[in-house]
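Read-outs: derived from the displayed coordinates by stated rules, not from any lab. Not measured: the values here are computed from a predicted model. Positions of Cβ are generated from backbone atoms using ideal geometry, with glycine treated the same way; all protein chains shown enter the neighbour counts.
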Amino acid sequence: MLGVIFGLVFCVCLTVGSFADSLWTTGVRTRALGYAVAASDLGLESALKNPATLSAIRHTQWRVDIFDDYNGDAYAGVYGLGYQMGQNAVAIQVPYQYIGQIPLTSEGGDGKGQQSGETSDSTFMPVVTWSHLVMEGISVGVSGKGLYQTLNQSTATGAGIDLGMLVVCNDFRVAASIQNIWSTKRWKNGSEETMGKRITLGSGLTLTPDMNLLGDWNYESGQSTCQVGLTLALAPDIHVMLGLPNIADPSQFHLGVDLGLSQLALTLAYEFHSVLGQSYILGVRYEN
Amino acid sequence: MKINCFFVAVIASFAIGTTLLSAEQLIIKQEVTTPSAEIQAATFEKIPGVLKITILSIAPRGNRNFRYFIATTAPTADTKVVTEAIQKQSGIRYVDINGDIENQSTRFNDPFVNTQDYLVSPFMLGFEAIPANEAVLVAVIDSGVDYTHPDIKDRVAVNEKDPINGIDDDGNGYVDDYWGYDFTGYSEGKGKNDPADLYGHGTHLAGIIGADANNGIGIAGINPKVKILDIKFLNERGYGTQLDAAMAIYYAIDRGAKVLNCSWGYPKNGQFLREAVNEALAKGIILVAAAGNLNSSVIDYPAAYDGVLSIGSIDRNGNKSNFSNWGDRLDFMCYGSQVYSLAPHNSYAFLSGTSQSTALATGIISRLLSYNPNMSRTQVKSLFNQIAGNGSRDLYMGYGAIKINKLLTALSIPIPEDDRSSVNVVDTPPAPTPNTNVVALNFDALSVSQLLPFPNPATSSQIKIGFSLNKAAAVTLSIYDFSGSLRKKWEINGNSGYNKSTCDLVDDNGNTLKNGTYILVANGCTDSETAAARSKISILR
C-alpha cells in the first residue's frame, strides 16, 4: 500500500508544477514551529504542508488566524474547518494574504525612478483536504487548491494539488509530502507560470511526555532548507513553541505560546527576522 | 570644551556632546589701549599652553575700542590655567571658550513616515490668508542653503553689490559674498563666499520658511515674499563654533536681515555670542531660536537669551513633542514633528525637531512682517502671547502654541470658511505616499533614502533600483520573498547623491523570480556606519 502511495506521489511529481511561491500564510502554530510541521499532529494548519496530518484531528477543528508580517508589510488570515469521520477526515481552509503599499513607478525623463501611486497584491486560496487512516499509524492525504490573485490591475487563477503521508510508530513520526502539484497560474495578460515543486521529508520525536522535536527537510527549485521546531508543555493546557525556519540562517527565529481554554485555544506567535523585522500572529482554535 | 549645535538626532546629540577636540580655542576680547595687536599676540603666544594666536581680522561691528584674538591651546594644556594666564594681561575684557554648536533637528529613520501635513494642521490652517505684501529678508543662519534647488533658488537673496569677480566690491570685508557667506572655520581663516549646504539642515529650514509656492513643483513655504539670506556656519557634519555663529549674526545684521532663524544651540552663555545677539536685538531684529531636542529643562543659547523668541515643538495633536526641551525660558510652541521640506540635490525629506518648529515660527513672523513691515519684535511677541494661550507661562508649553486662526482673528483678517480647501497650496508635495520610499534624510549619519524600483511592477526580465545616499557607501541590495527567504543579493559602490542599479529578475540559484511581490532592502555601509531602506518589488510579466 505504501509503495503504491509513494509511486503515485512521485509520478505526479515529475509531471506537474506548483504555486508555492505565492503563499506563505499557513497557521499560527506552523509559524511558531518554524514551518517544521510535516510530521506534526497539528491537524488543520499542518495539513496545508502535509495533507496526511489532517488525520490528527479528533472530531471537529475550527480555526481563525490573523497575521501581521514584517511590521505591517503584509497582512493575512486563515479560516479553517475540519471534521473527522471514522478513518477519514475532511477540511476546508481559506488562506488570504494582502500586501499593500507597493509603489507604482516608472522611469522619469531624468532617468530616475518616479512614483505615481501605490498598488497592492492579494491572494485568495481555498484548500480542500481529505485524509485517510490507511492502517494503525499510517495516514495519507490529498489537498486540492484553487488560487485567485490580484496584482495591480491584473488577475491570475490557478489550481494545484498537495499529497502527503504520515507514519507514526510509538514516539517517532516520519512524513513525506509534495506540494503544489499540477499548478500552473494563468494571468489575465495571457502569461502562464509553472511553479517549482516542493518536496518535504519530515520527522518528529517525542523526547519526553512534555517535549516534542520536529524537523523538516524541504527541496524546491534546486534548493534545500531544513527547519526545526520544538514544543514544550509547561502545563496540560500551556504549550510553548520554538522554531527555526532555516537552520542555515540563525538570524531568524520564531516563538509561540498556546493556551488551552477548555475546547478553545488561543495561540500567539512572534517571529524575528534580522533584516525584515518582526511578525505577529494570533490564532483562535476550537477542538472537540 | 565644545558646544553642540541643534540639528543632530537626540541620541547622536548625547554621544556627540561628550566629544572633545584635541585642542581648544579661546576668544579673547581686549581693549585697544594696550600695545599693538601684533605685539600683544606675541605676548599671548609665550603663555605656556598656547600654541597659536590669531588676530581676528574683522573686529565685530568695527568697534574700534576693542580687538579680538583667537588663542589655540595645546591638546595637553589645561584650559583653565591658560585662561587665567591670559586674563592677567592688561585690558582683557573676557576670555571665552569657542565651543561647538549643534543644530536642532531630531532625526527620524522611521520608514513609515508618510505625510506632510503641517500646512493643513489645526495650527497652520489659513496661514495663506495673511496678505504677503512686502519682501522680508530672513537670515537662515545654519548649514547653508542649496541655492540651486529649483524650489528655493528664486527666493534666495543675492548681493548684487558684490558679484563674483574676486573683488570685495561692496567693501564689507567679505569678498564676493553674492550668495551669502560661509563662516565655517572662520576662526581659522577659512571663511569663504560659497554658503552651499553640505549638510542639508539649512536647506530644509529655508524650504519651510519660503519654498517657492505655486511654481508647480515641490512644496510651498510659509511666506511667498520672503528673501532668504544664506549664512552658513555649520559644517558638513552640522557643527560650528561660537565665534563662527556670532560672526554669522553680525553679517546678517550688516546685510539688513529683519528676522534671524537660529535652529541651533550652545549650552553655555557664551559672551561673544551674547554680544552678537544683543547687537541684533538692539537693531530691532527678531531672533527666533530653537529650544533644543533633548527633552531637557535646560534651554540652550541663543534661545535662552532675553529678547530671543524661544520655540519648542508640538506634534500634530498639539502635544509637546517628546524631544522638545522645556523650561522657564520657553516662549512658544510650533509644529515640529515630521515636517516635509527641501533637501539638497533637488530632493525632499522629512525631519523633526525644534529646528523645524523654529523655522515654521520664522515663516509665520516673516509673513506677518510682509503684511505689516512696521511690526516690531515687541508687537510680534505681544501678538503671539495674545493668540497662543491664556497669557500664563507653562514650563512645558511656554505661552502656548501659535495658532493661525487666532492670529487671523487678532489681525481682523477673515478666516477662510473652509480652512482646508482654502489652503492655496497648489504645489503641495507630490502625494507623499504611505510607504517606505519617502524617509527622513539623516544628515548626520549615513542614510539611504528614496529607494524605488522602477518600473514597478516589472514587466520584463529586468528592473532598475534607484536610491539616494547622503555620502558614499558600499550598498548591498537584497530581494526577499514574504516567507523571509533571501532570493537575490548583490553589491554596488554607491556615491553621494542618486544611484541606480539594474538587476535581472533571477534569483541566486538561477531560478526566474515568479510573478508576485517581494521585499527590496538596500543596506548602506561605510567603515563606521550602516543604514537601510526598504521597498517592495512586484513582478507582473
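Nearest 0.05, what FRET efficiency do B:His345 and A:Val64 give at R0 = 45 Å with Cβ-Cβ as r? E between B:His345 and A:Val64, to the nearest 0.05, is 0.35. Per-residue 3J(HN,Hα) values for the stretch B:478-485, derived from phi via the Karplus relation 6.51 cos²θ - 1.76 cosθ + 1.60 with θ = phi - 60°, read 10, 10, 10, 8, 7, 8, x, 7 Hz in sequence order (x marks Gly and Pro). Stokes-Einstein diffusion of chain A at 10 °C, 1.306 mPa s viscosity, Kirkwood radius from Cα pairs, rounded to a whole number: 82 µm²/s. Averaged over peptide B:506-512, the number of partner chain Cβ atoms lying within 10 Å of each residue's Cβ comes to 3. Between the beta carbons of A:Asp210 and A:Ser120, assuming R0 = 41 Å, the FRET efficiency works out to 0.40 to the nearest 0.05.
Compared with the dominant principal axis of the Cα atoms in chain A, helix A:2-13 is inclined by about 0°. Extending 7 Å from the Cα toward the beta-carbon at both A:Ala233 and A:Leu81 defines two label points whose distance is 3.0 nm.
Given +1 at the Cβ of Lys and Arg, -1 at the Cβ of Asp and Glu and no other charges, the dipole of the stretch B:25-97 around its Cα centre is 200 debye to the nearest 20. Taking only the Cα atoms of the stretch B:448-539, the radius of gyration and Dmax are 12.6, 38 Å.
Dipole of the stretch B:448-539 computed with +1 at Lys/Arg Cβ and -1 at Asp/Glu Cβ about the Cα centre; of B:Asn493, B:Ala458, B:Cys525, farthest Cα towards the positive end is B:Ala458.
Here, the stretch B:126-182 has an Rg and a Dmax of 14.2, 46 Å when only alpha carbons are counted.
Taking the number of Cβ atoms within 10 Å of each Cβ as an exposure proxy, the fewest-first ranking of B:Asp212, B:Asp508, A:Asp249 is B:Asp508, A:Asp249, B:Asp212.
Using Stokes-Einstein with the Kirkwood hydrodynamic radius over Cα pairs, what translational diffusion coefficient do you get for the stretch B:25-97 at 4 °C and a viscosity of 1.567 mPa s, in µm²/s rounded to a whole number?
The diffusion coefficient I find is 108 µm²/s.
Taking other C-beta atoms within 10 Å as the exposure proxy, B:Lys320, B:Lys268, B:Lys190 rank B:Lys190, B:Lys268, B:Lys320 from fewest upward. Three principal axis extents of the protein assembly as shown based on alpha-carbon atoms, in descending order, are 113, 64, 52 Å.
Averaged over its residues, how many other protein chain Cβ atoms are within 10 Å of peptide B:477-488's Cβ atoms?
Partner-chain Cβ atoms within 10 Å, mean over residues of B:477-488: 6.
Counting Cβ atoms of other protein chains within 10 Å of each residue's Cβ and taking the mean over peptide B:460-467 gives 2. Working from the Cα coordinates of the stretch B:303-411, the gyration tensor eigenvalues give, after taking √(5λ), semi-axes of 22, 18, 13 Å in decreasing order. Run down the lysines and flag those whose C-alpha is under 25 Å from the C-alpha of B:Lys192, throwing out any fewer than 8 positions away in its chain. Partners found: B:Lys2, B:Lys29, B:Lys52, B:Lys153, B:Lys161, B:Lys227, B:Lys232, B:Lys258, B:Lys471. Residues B:Arg93, B:Arg329, ranked from the fewest to the most other C-beta atoms within 10 Å, line up as B:Arg93, B:Arg329.
Our analysis of the stretch B:244-349 gives Rg over Rh at 1.00, with the two radii drawn from alpha carbon positions and Rh computed by the Kirkwood formula. Hydrodynamic analysis of the stretch A:157-287 uses the Kirkwood radius over alpha carbon pairs. Inserted into Stokes-Einstein at 4 °C and 1.567 mPa s, it gives a translational diffusion coefficient of 76 µm²/s.
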